[in-house]
Amino acid sequence: PFMRQVMNIVLNMNRISCFVSAMAFCLSITASDFVPSGFSRPLHWNVGAELTPAWVPGSNGFLKGNNNAGKHINAAFSGSVRADFNFDQSTREGMLYKGLYQGIGLGATTFFSNSLLGTPVSAYVYQGAPFVYFNDCLRLAYEWQFGAAFGWKHYDLETADNNAVVSTAVTAHMGLGLKLQYILSERWQMSFGISANHYSNGNTSWPNAGVNYIGASIGLTYTINPQKGGNAILDSGIIEEADRGRWFYDLMAYGAWRKRVVSVGNPSEPQLCPGKFGIAGLQFSPMRSLNRWVAIGPSLDVQWDESAGLSPYWVEGTSGDMIKFRRPPIGKQIGVGLSAHAELTMPIFSVNVGIGYDIINPMGDKAFYQSLTLKTFVTRNLYLNAGYSLGSFKDPQNLMLGIGIRIR
């Protein structure tokens, strides 16, 4: 009987211990564990229009008047229609990224020189968010745009056209701006802003001087299904978890094509190589998140460029469209670099800026390079990459079109 009583006591103590442990576990789960994700609640849709008169800097001779019409191209005007959505304020994304919006736009731009540049039409994705709140109605927001512009009147080798700005009917469209947003009512919002836009084909064709403009925008937005009720109370556990510093690792593979100008002969003369050359690259980036918005880290960059290091392998006596080169060893066409990156980490999209230097560099290439890329997450850990690489902040290198995985 004594042993039976001891066993009963031990069993009861185990039951009590399990019960206490279960209660402690339940109490440890905060409200943040039950906050719904952004797409689990109805999205709040906005439609709008925007007008942008702009100044075009004379960044190349064609824009300064060295064209068939002898016209100085220094002004532009664009108009666009847009549709975007906000996350519901009761969701995790709606709480952590207050006022965040993302969507698609369709716009047209005139440079008042249709015979020289055409009137390109752009389709783009965009994202923005307020970062300064002056009061309940007035706030300052940033916005970026990334897409493609169609319908350029471009350089034609078989005519006397000397368009050095664009050489393809389609170019990339990139934009960045600041907007002062004023809430007129529950459904209406007006914005005033400044923006900078860049059009380029990413060195996939030549010539590729590109065109830029700096504008002042005015826009009007209508909210189809406004959010009801006041702002949700943000649980401190959600903030602490979102802002907790942590490491993640991006592995990205990309490819593209490019044109190449090489200097050959004695005396050395630049020659445009016929055809297009392949690009393949791999980038590994350990990144440390500083908070929910920003991450920084280094990157190891490896790139093979079919057009790199050609000059020593030039076949003497060949030039122009008939210029020839012996095929360089693959090791002469690979660059290996180290770069530093900063990334704006937002829902769906991340914008990454990098500055790097090649420790192994093909002859004739720029060792000092920069990159600007947009990562679009199709799942939590899989993203599509669209980016652009420059040399010495001014020389177009190549596009970076690829796919990556994020290891958390």
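Numbers for the structure displayed
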{"item": "Sequence-separation-based contact order of the chain, relative, with Cα cut under 8 Å and 6+ spacing, percent", "result": "11 percent"}
{"item": "Viscosity 1.306 mPa s, 10 °C: Kirkwood-radius Stokes-Einstein D of region 120-243 over Cα pairs, µm²/s", "result": "90 µm²/s"}
{"item": "Whole-number Å³ per residue for the convex hull built on Cα positions in region 220-311", "result": "234 Å³"}
{"item": "Computed magnitude of the charge dipole of the chain (debye, nearest 20; Cβ of K, R +1, Cβ of D, E -1)", "result": "640 debye"}
{"item": "Answer label, with Rg and Dmax of the Cα atoms in Å calculated from the coordinates and candidates [x] 22.4, 96; [y] 21.4, 64; [z] 27.4, 112", "result": "[z]"}
{"item": "Mean ellipticity per residue at 222 nm, deg cm²/dmol - from DSSP H runs of n ≥ 4 across the chain, formula -39500 (n - 2.57)", "result": "-3500 deg cm²/dmol"}
{"item": "Met287 accessible area, 1.4 Å probe, all protein chains in place, Å² to nearest 10", "result": "0 Å²"}
{"item": "Cα-based convex hull volume of region 321-408 per residue, rounded to whole Å³", "result": "139 Å³"}
{"item": "Positive-pole candidate from Val294, Ser311, Met363, dipole of region 283-368, charges at beta carbon", "result": "Val294"}
{"item": "Positive-end extreme of charge dipole, region 77-199 - chosen from Gly94, Leu117, Gly177 (charges on Cβ)", "result": "Gly94"}
{"item": "Heavy atoms of Ile348: accessible area, 1.4 Å probe, square angstrom to 10", "result": "40 Å²"}
{"item": "Test item: Cα-centred dipole of region 121-191, Lys/Arg +1 and Asp/Glu -1 on Cβ, debye", "result": "280 debye"}
{"item": "Where Lys179, Lys153 fall by accessible area, highest first, once all protein chains stay in place (1.4 Å)", "result": "Lys153, Lys179"}
{"item": "Per residue accessible area in Å² of the chain, where ligands, DNA and RNA are left out and the probe is 1.4 Å", "result": "52 Å²"}
{"item": "Once the Cα gyration tensor of region 146-219 is diagonalised, semi-axes √(5λ) in Å", "result": "35, 11, 10"}
{"item": "Heavy-atom accessible area order for Glu269, Glu343, largest first, 1.4 Å probe", "result": "Glu269, Glu343"}
{"item": "Relative contact order (%) - region 85-218, alpha-carbon pairs under 8 angstrom, separation at least six", "result": "17 percent"}
{"item": "0 to 90° range, to nearest 10: angle between helix 2-28 axis and the chain longest Cα axis", "result": "40 degrees"}
{"item": "Among Trp144, Trp55, Trp314, residue whose mean-square fluctuation peaks in a GNM of the chain (springs only between Cα atoms under 10 Å)", "result": "Trp314"}
{"item": "Region 71-88 versus region 299-320: alpha-carbon centroid distance in Å", "result": "39 Å"}
{"item": "Cα-based Rg / Dmax (Å) for region 252-354", "result": "18.6, 59"}
{"item": "By accessible area with a 1.4 Å probe, ligands and nucleic acids excluded, highest first: order of Thr379, Thr171", "result": "Thr379, Thr171"}
{"item": "Eligible lysines near Lys375 by straight Cα distance, threshold 18 Å, same-chain separation 8 or greater", "result": "none"}
{"item": "Overall form of region 43-184 per C-alpha gyration tensor (a/c, 1.5; a/b vs b/c)", "result": "prolate"}
{"item": "Check: region 47-201 dipole with +1 on Lys, Arg Cβ and -1 on Asp, Glu Cβ, in debye", "result": "240 debye"}
{"item": "Heavy atoms of His173: accessible area, 1.4 Å probe, square angstrom to 10", "result": "10 Å²"}
{"item": "Reachable lysines from Lys153, criterion Cα separation under 27 angstrom, eight or more residues apart if same chain", "result": "Lys64, Lys71, Lys259, Lys276, Lys394"}
{"item": "Percent carbon-and-sulfur accessible area, the chain, ignoring ligands, DNA and RNA, probe 1.4 Å", "result": "66 percent"}
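The values are calculated or read from the model by the stated rules, or taken from the named source; none is laboratory data. Since this is a predicted model, take the numbers as computed values, not measurements. Cβ atoms come from the backbone with ideal geometry, glycine included; neighbour counts cover every protein chain shown. Ligands, DNA and RNA are stripped out before the accessible areas are found, and what is left, the full protein with its side chains, is counted by its heavy atoms. Shrake-Rupley method; radii C 1.70, N 1.55, O 1.52, S 1.80 Å.
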